[in-house]
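Take a look at the structure below.
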Amino acid sequence: MPGQFSNTQMVGVTAWRGTVTKENHIYGLFRSNPQMASDVMTVLMSSMHLPTLDTYLSKEVPVREYEDDSELFYDIVTSARRNIPLVEARRADGTVVASTDSANVGVGFEPFYLVFPEDWFALGEVLWGELNEVYPVIVKEAGRIEGTNYVYLVEPFGANGAAGIPVDQLLAGKRFSYAYAPVEKDFSRKVGDVRFSSPVSMRQDWQRVRLQHKVGGREIGKRLAANIPVSREVNGKIERSTVSRWMLAVTWEIEKTWSEYKNNALDRGVSTKMDNGEYSNFGLSGLPNAQGAGFRQQQAAGNMQYYTKFSMKLVEDALYAISAGKIDFAKRKFVLRTGERGAALFSREAKKEMSGWTPIYSVNSPSYLRQGPETNFTNGNAATIADLQITRWLAPNGLDVTIMIDSSKDDPVTNKLSHPLGGTAESYRFDIFYAADEDQPNVQKCVIKGQPELRGYQWGPFYNPFTGEANNNFASYDEDSAVVHYKATLGIIIYDPTRCISLIPRILMG
């Protein structure tokens, strides 16, 4: 193996980039510095073509640190601008407007009533319905309480209002918003008002995960019957080598499982706190198993859309839904997280509709290895144009979308439903989230300051295959073996779920 120091070395330099150490095994480093272990494995999992939500948030977004593992508290400031659904409209005589009515309401500027579920509009304000300035009305009397509703006296506003308002614009469920508060030239009186939206206090538990594995002491020197291939990226190229020691294979499998644990908890973890504040599950200790909500459970409060046929218009409409009127043009940067099949589908559909978008290509797959503003058409070989993969789109109105392939979406064990186009159905799911504000990311991983991960050992009297040590004077037990223990307390916060949207294949509709 290239980079081998001696026959007793368990880890080759080429297989584990950046971990050159005099210890017999990488766990010698991991034991003394768990923080280093976490960082090293984040790089390794990415370079081994196994990027996940966890590795992305660990590398690309500042990780937020907390002093302890008490509950996470944060505020979401919601917008005071919103539409209010109409409960009903009533004519001047109190008759409720029905869909079967033929006569317009408010003909000749006759006053009538609008009933809303809350006291939202002010005296003298012009209200817009779903056609806005086509059929405006003005509030003549402030809302009066009627049960749980508020009744407003209004009249058509504007010179065209003499014809009244069609019935179909005043049916239950029609949405209204305030426009402005016009006044006369002289002797005007107070009209209009402002609305406030108080911060919504949010609370979130941590995800707490743990893993252990036991190995016999004599396995430290065992060789594999067949070498295991290992890949890494060096200077923009993929280099491949093999490992021949059993403990290195064990190490890699433990680290992969540990990475899956953490990513699954962050991405798909579910909260165990019930509405009454109690926990739904208990651990082996008999104490509550307090777990926080993962990305998906938090994002479900935002936008979710199921689709049958994928198109670029579907993506474009989704992006405008979470950005139009909410995010400045210069800050409309989003990450679109999908599987390999979804990324290929996106690329194919994007090439069909090149107008209006600026594609940024990658000639090497997988696409996440070369995201960036550069455009490379040939890579020294014009024939490679046929293999170009689109990894980023610059769309009209400032939309900037980076494609991120998440390997967990292609795992056929976790994702059991297949898609008609091949691969897992989950691979065609597109999770889009806002990624422009580096000072306050919308999606952020959280750790406890100074201890993102904890790792410990137990070993018998003779050999520790994880570290290469022998002759333990302080054996934990009499068996010639060693057990490694992992524990992590981590969390994820989506500060504004309305800036996220998921496009989900209809086959995954629960």
Qualifying residue in segment 281-304 (condition: at pLDDT below 85 and over 26 Å from Ile504 (Cβ atoms)): no
In segment 319-349, what residues are farther than 22 Å from Gln389 by Cα and surrounded by fewer than 21 Cβ atoms within 10 Å (Cβ to Cβ)? Tyr320, Ala321, Ala324, Gly325, Lys326, Ile327, Asp328, Phe329, Ala330, Lys331
Here the residues within segment 416-433 that are surrounded by 17 or more Cβ atoms within 10 Å (Cβ to Cβ) and at pLDDT 90 or above are His419, Gly423, Thr424, Ala425, Glu426, Ser427, Tyr428, Arg429, Phe430, Asp431
Can we say Leu266 is within 18 Å of the chain's Cα centre (by Cα), modelled with pLDDT of 85 or more and in the same structural domain as Trp206 (by TED's automatic domain parsing)? yes
Lys409 vs. criteria of a type outside the set (A, V, I, L, M) and free of Cβ contacts under 8 Å to residues at least 40 places away in the same chain: no
Tally of residues being more than 17 Å from Gly106 (Cα to Cα), surrounded by fewer than 17 Cβ atoms within 10 Å (Cβ to Cβ) and touching a residue at least 12 places away in the same chain (Cβ under 8 Å) across segment 146-171: 3
Across segment 155-213, which residue is modelled with the lowest pLDDT among those that are at positive phi and small (Gly, Ala, Ser)? Gly192
Quick check on my filter: what residues within segment 459-507 are closer than 30 Å to Tyr320 by Cα, surrounded by fewer than 22 Cβ atoms within 10 Å (Cβ to Cβ) and hydrophobic (A, V, I, L, M, F, W, C)? Ile493, Ile504, Ile507
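The values are calculated or read from the model by the stated rules, or taken from the named source; none is laboratory data. Here the structure is a predicted model, which is why all the values come from computation and not from measurement. Cβ: placed from backbone, ideal geometry, glycine included. Neighbour counts: every protein chain shown.
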